[in-house]
Structures are given as structure tokens and as C-alpha cells.
Amino acid sequence: MRNLVSTQTTAKVFLCLLFMMMAISGFTQASGTIGDVNSDGAITIIDALLVAQYSVDLTPSAWNYDAADVNLDGERNIIDALLIAQYYVGLITEFPVNTPAPTSTIPPATTSTPYPTPGSALFTFESGLETGSGCRSNWKKTIVYGHYIYMCAPPYLKIWDVTEFSDPAFIKDVELFDDNTTTDILRVGDDIYLRNNTWFYLDMTDPQNPGTIPISDENIFPDMARHGNYGYGPGEASIIIYDMSDPVLPVIISSFTIDFTPEDFVIAGDFLYIREYPSRDTVYIVDISNPFSPVFVDEISVADLRSYTTYNNLLYIFEAYDFHIYDNTDPGSPVLLGSYNTGQDMRAFAFYRNTLYLLFLINSSRGFSLKTFNISDPSAPVQMDSISFPYSSYTMVNHENFLILTQNLHADGGIIRIFDMAAPGPPELVYELNGSGKTEGIAIKDNYAILADNIRGIRIIDVSDPATPVISGTIQTECAHNIVINNTIGYLADGDGGVKVIDLSNPANASVITEIPTTDPAIDLVIQDNILYVTENYYYLTLIDISNPYQPETISRVLRFMTEAYRAQSSNSLAVTGNYAYTAVPYYASGFHIIDVSDPLSPEVLGEIMGDDTEELIIKDNVLYQAGGQSTVILTLFDVQSDPAAPVVLGTLPKSIPTNLATSLFLDTGYTLIGSREGVLVADTTDPAAPVLLDTLTLEYHDIRDMATTDTHLFIVNGSAEKYFLVFRKE
């Protein structure tokens, strides 16, 4: 209970108390940690006033939460403020301990909890939030069947009801297999096939509960094409024709010998289009009007063939940077009508009426663009609109007037985007479903954990009962990486979205105040003396004046790498102390840059310290902690007090396991916590010259991106695990 007395009573008591204190002179101020609430090295009446402000729900500045509980009763209230005032005037010489440090009354996790496996006596697993089944794997392929979307999310098949495309309803996860190797889902006519090492036929009698039936001859997939009851699949130097009357038991009825291995089977009328594997320079046309006796009839030369299809009696051939449209009135002898040079790497296509939709790879880091082309005149296609998306690996299908894009984020889940193609102008986004995301940053505000997630943006979790955390709010952002909090204001490094300034005065109802654009993606940030330091991917350290958070102002930028080679790979961790900033150099080069920020208007790169790779940098008590782990060391401690421009190594913590790599770093009271590929390493760094590994908190999944603590609990965010948010009780 923070409000032990009313605001009015507290104000009166402290007004009188303040005058009393000011009247007393000749007292030497004591210094220490407990009671030094503003961390100025002395215990004064100001510290008492700060605690008093907190006790009546005012937000004090320069607030050291741990130092305010001087009687160790677990509260920060008017009693603590009075004790600090008494200590200041010499009425007491030490703070009385009225009650012992509080012991958690929350029961420990049951032994049946499968995740994680606690390996440390210092922390006990208490709770976790799950991303949902299938999140650990790629979202592979997507099909539409009836009014359902089916998506591979190994080992699950995810099902959505899209009777209303603008409001899809998630039905269920169907666990078809016992592993996560499902790699493809394929529709052939009205039949659905799924691959999990081998091919299976999906029994869609009940679309919400599909069953699997093994295929007797799986070699025909995934290139098979259907023409009535006949299927055409690849063989070695041949085309194999199947009777598909029973889609589960294809029967070979004949074969057609050719001098290459065929792939990409497309049928138009009585003609089959194929290409040679692995060549990309020819499309072959085969007459299949008699399935027992196919006949080769023609070929089309192409360059770097990507795909081809037929639409409205036209044959479309897609090369890497061009597409061509042929009159296919006579499918055995197409006639070229028109071509278009796109200038970009084409990956997927879809049609709607007289519009062609093409998905292009921009580059591996900047993602994809969706472009629309007017093809009402096939001899002169015209580009109309373009929309860009981050990241990579899309599949694209269309159904009626809706375009469905699925985005594979490797081990981090995926996104479904549904566009209304019938809307005028560029395709209108009507629905977006985010996958598991990748949670990279965490900060604690009151009883809330604020999480920064690449895909799902800001997630605000009520941890007032740490055993049962509850999501109480979200803010959709561009690509959230890290968040820091200054009083009631949060600053989010939001990738391409720059820096977002967030009002956290009521965390459950947080909102974006303003945005600060950056030239390159904003990745990491630190606050010191009303200046926000931001690392921009690969290139810059940016300084922003946040003395007025409602009107932040970028005051300077400095190129932080020393050579061109650093552009290829770059870590973005950042630490600041006094007149110096330290930023990580590239993964392969390793070490960190030293930047003089004594003049915020003109920061200067002084040099670099080369060494082990740098995943994260933190400074505390004039010691710079560098977490890495490419060679034999996972933690290095530097002296940044003697000569901040030339830090020297104080001590190192060797790897406990050769394969261990640091992923994050956090300094808790009395401990240093290193997130790693093997879990959380707990180290004693009381003596920076001789750090000691105390224990390891073993986790089932290990992409630990950030940590935070309160007096009683440790909070961990996982980058790509089934549980993205973990809560441990401190023992």
C-alpha cells in the first residue's frame, strides 16, 4: 500500500518537516546506497522528499527505486521518507529494519511444467506467455479451399475461416505430425496434398478436421498437373501419366520419353507446359489430347525462367526481370503479344480481372514489393501501384477478389496479409495477422513489463501477479527492437520506423506521442542527461535532445564505423557514460568504437578496441561489460574510469561450453546475467578483475534477447521460442 496517508496530510507533515530540517545546521551529510534516492552520493532532505512524492503517486525525478526502501519492508512510503529525514538531521545513525525482506507467497511452478528446466538455485520458474502453437517454425505454404485458409506451420496445419475475408476467424491448429518437418501444401484441382518427408493426401470431408492418407507413389509431387482424371508428373528423362480417379492411389498408365528431367507442369486445354531441370532457358509444349500418347509440338526460349501460367487464353512467362504475354488461342503455338521489363527480381504472381499482381524481392534486408500492372491491353502492360513490405519469403494466392500474402520469418513466425483487389486504386489491406514475432527488448514500469517485438510491436504485460502475467495492451509499430523508459516516457527503437516516443503514464493505456525519423533503422538506445543516444543500423550514432519529449530534436549524427568493411555486418549495442559513448563494431571484426560526446553537437569517433565479438555493452560503476563469445570468452570487463578514451581489460569470464554464444546482458543487484545459447549464465562480478560463474539457468529454448528485474522477480524475453516471456522468482 503506497498511500499510507492522504496527500494533504503528507504535504503538511513534510512542509513542517522541511522547515525543521532547514533550521538545523552543522550536520555533515552521510553518504551510502540505501537512502540515497537521487544517487548523488549523499543522503539529504531531497531524498526524503522524493520518497514522499512517490508515496502519494507523484512521479519523482532521478529516482532510485531500490534505495528508497530504507526499512526493508518491501514498500516505498511515508515511513521511509521520515526515516531518511531523521537520518539526515542525525536523529538516527542507521536505518532500522522493521521487517525482513518480503518472501514471495506465490507457489512454485509444479514439476509437471515442461518449460523451462530450471538449472539455478537462484531463480525458480514461475510463469510464461506462449506465442501459440507452431510459432517456432516457418510458415511455409498457404492454400485456399472453400472458405478456409490452410497454412503449414510445422508441425501444425493452421486453419482460418475466411467466410468474411475482412474478419478472418482462427479455427484451430491441427497437429498432423509429431515433428516440424512439414514443408509443403499443394492443391491439385480439388485435391489437397501435404508433404512431411513423404506426401500425404488430405481427406477434407470435414474441412475443420482434415485427415492424412499416405500416397502410394509420392514421386509425382510437387510438379504434377491434373487434366480431368489424368495426372502428369516428372520421371527421369520422361513424363509419367497417371490415372488419378483415386487421388490416393495414382496408377501409371503410360510414359513419354524425353532427353531431360522435366519440372513445373502447367496445363492449358490439351497442352502441357514443362521446363528442363535445372535449366531456366526453355519452355516445352506437349500435346496431351491423347493421354496414352503425348506428342512434343513446340518450345519457347526464355532467360532465367521463374514461372509461367495461363490466364484468359493468354500465356504468361515470368523471367527474373521481365515478363512476356503470349496469345494462347492455339496453345500448341503461342504468339508473343507484349513484354515488360520490371527491373526487379520477381518471386510470385496473381491475377484479378485485368490486373496482374507481381511480388518482387527488393533485397534480403529491405524485403519485398507488391506491384500491380494493367494488362487490359496485353501488348502494352502498364505498371500502376507499388506497396513495400519488410523481410522476405512470401507465398501469394488469390481467391475471388482477395489477395492473400503469407510471410515467412524463418524461426520467428510469420504474417498473413489479406488485400481487397476489387477496391479502387492500390490493393486495400483489410486484414493482417502477425505470427510469433521476435521479442528483443523489455523494460519495467510500475507493475507492467513493456516488451518490444519486431513483428507485433509493443506488448504491455500486467505482472502485478507474476505467476499469471496478462497482456493488457499493444501498440502496432514498424519493427520494434529495444525500449528505454525515462519517468513516464518510453523511447522505442523501431527499425525503419525510427524512434517512437510513448506516453507510459498509464502503461495499460499507452499511446505514441510523436515519432523521430532516422536515416537508417533504429536498433538500440540509451538516455543520459536529457539526450537520447540511438544506433542506426550499420552506420550512425544519432543524438536527440529529449528535454521536451513532446518536441524531441535531433542534434547530431556521427558515422560510427571506421572502414567500409563494417557495412556488411554490424552489431548495434550501445553504452554511454560521462563524455563517452561505446558502440559495438561488426560481428566478424569484433570489439567496440569509442566516441567522444562531450560536445553533443559534434561527436567524434576516437578509435576502437578490437577483441571478441560484441552482442551487448553495459556500463556500471565505471566498468564496461562486453558480452560476446565467438572465441573462448563470453564476458569481458573494461576499466573506463582511468582513461575512458582507452579502456583496459580488468577481467574476463571464459566460456563454460565451447558452443556457448552470448545473446544479451543484464546487471542485477549482486549478479551479472548473461543470456546465451545455453540459457542464462549467472556470474559474480563483484571483483571485476576476477569474475566467477556461479550457476546456469538452463532453458529449453535459448535465444534470450533481454532481461529485467524487480525486487522479487526476473523477467526474460525470448527471441524465437514457444514462450516469448518468462518469469522467474528470485530465491
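The values are calculated or read from the model by the stated rules, or taken from the named source; none is laboratory data. As the structure is a prediction and not an experimental result, all values here were calculated from the model. All Cβ positions, glycine included, derive from the backbone under ideal geometry; neighbour counts span all protein chains shown. Ligands, DNA and RNA are stripped out before the accessible areas are found, and what is left, the full protein with its side chains, is counted by its heavy atoms. Shrake-Rupley method; radii C 1.70, N 1.55, O 1.52, S 1.80 Å.
Just one of the numbered conditions (1) open to solvent by less than 30 Å² (accessible area, probe 1.4 Å); (2) under 30 Å from Tyr340 (Cα atoms) is not true of Ser254; which one?
(2)
Only one residue in Glu276, Glu263 is buried (at least 16 other Cβ atoms within 10 Å of the Cβ), of a type in the set (Asp, Glu) and out of contact with any His (no Cβ under 7 Å at 6 or more places or on another chain). Which one?
Criteria check complete, one pass: Glu276.
The conditions are (1) out of contact with any Leu (no Cβ under 9 Å at 6 or more places or on another chain); (2) open to solvent by less than 20 Å² (accessible area, probe 1.4 Å); (3) farther than 21 Å from Leu574 by Cα, and Thr477 fails exactly one of them. Which is it?
Checking Thr477 against (1) out of contact with any Leu (no Cβ under 9 Å at 6 or more places or on another chain); (2) open to solvent by less than 20 Å² (accessible area, probe 1.4 Å); (3) farther than 21 Å from Leu574 by Cα, the one that fails is (1).
With respect to Ile450, determine if the residue is among the hydrophobic types (A, V, I, L, M, F, W, C), open to solvent by 50 Å² or more (accessible area, probe 1.4 Å) and touching a residue at least 40 places away in the same chain (Cβ under 8 Å).
no
Considering only residues of region 650-680 that are more than 30 Å from Ala67 (Cα to Cα) and β-branched (Val, Ile, Thr), which is surrounded by the most Cβ atoms within 10 Å (Cβ to Cβ)?
Ile657
Go through the residues of region 525-538 one by one and say whether even a single one is over 23 Å from Val605 (Cα atoms), part of a strand (DSSP E or B), of a type in the set (Val, Ile, Thr) and within 21 Å of the chain's Cα centre (by Cα).
No, there is no match, as no residue in region 525-538 is over 23 Å from Val605 (Cα atoms), part of a strand (DSSP E or B), of a type in the set (Val, Ile, Thr) and within 21 Å of the chain's Cα centre (by Cα).
Considering region 39-69 alone, what residues qualify as being closer than 23 Å to Ile444 by Cβ and at pLDDT 80 or above?
Listed by number, the residues that qualify are Asp47, Leu50, Val51, Ala52, Ala67, Ala68, Asp69.
For region 271-288: of the residues being modelled with pLDDT of 90 or more and of a type outside the set (A, V, I, L, M), which is farthest from Pro331 (Cα to Cα)?
Thr282
Keeping to region 483-502, report how many residues are closer than 22 Å to Asn548 by Cβ and either open to solvent by 40 Å² or more (accessible area, probe 1.4 Å) or among the polar types (S, T, N, Q) (or both).
Summing the residues that are closer than 22 Å to Asn548 by Cβ and either open to solvent by 40 Å² or more (accessible area, probe 1.4 Å) or among the polar types (S, T, N, Q) (or both) in region 483-502 gives 4.
Identify the residue in region 681-700 that is β-branched (Val, Ile, Thr) and modelled with pLDDT under 85 and, among all such residues, is least open to solvent (accessible area, probe 1.4 Å).
Thr696
Show the residue pairs meeting these rules: Cβ distance below 8 Å; 6+ apart or different chains; first residue within region 541-559 and buried (at least 16 other Cβ atoms within 10 Å of the Cβ); second residue charged (D, E, K, R) and part of a loop (DSSP other than H, G, I, E, B).
Leu541/Arg560
Quickly run through region 503-525 and pick out the residues that are hydrophobic (A, V, I, L, M, F, W, C) and buried (at least 23 other Cβ atoms within 10 Å of the Cβ).
Leu504, Ala522, Ile523, Leu525
Condition check: of a type in the set (Ser, Thr, Tyr), at pLDDT 85 or above and buried (at least 17 other Cβ atoms within 10 Å of the Cβ). Does Tyr724 satisfy that?
Taking the combined requirement at face value, the residue does not satisfy it.
Only residues that are of a type in the set (D, E, K, R) and modelled with pLDDT of 70 or more: list them for region 567-602, please.
Listed by number, the residues that qualify are Asp596, Asp599.
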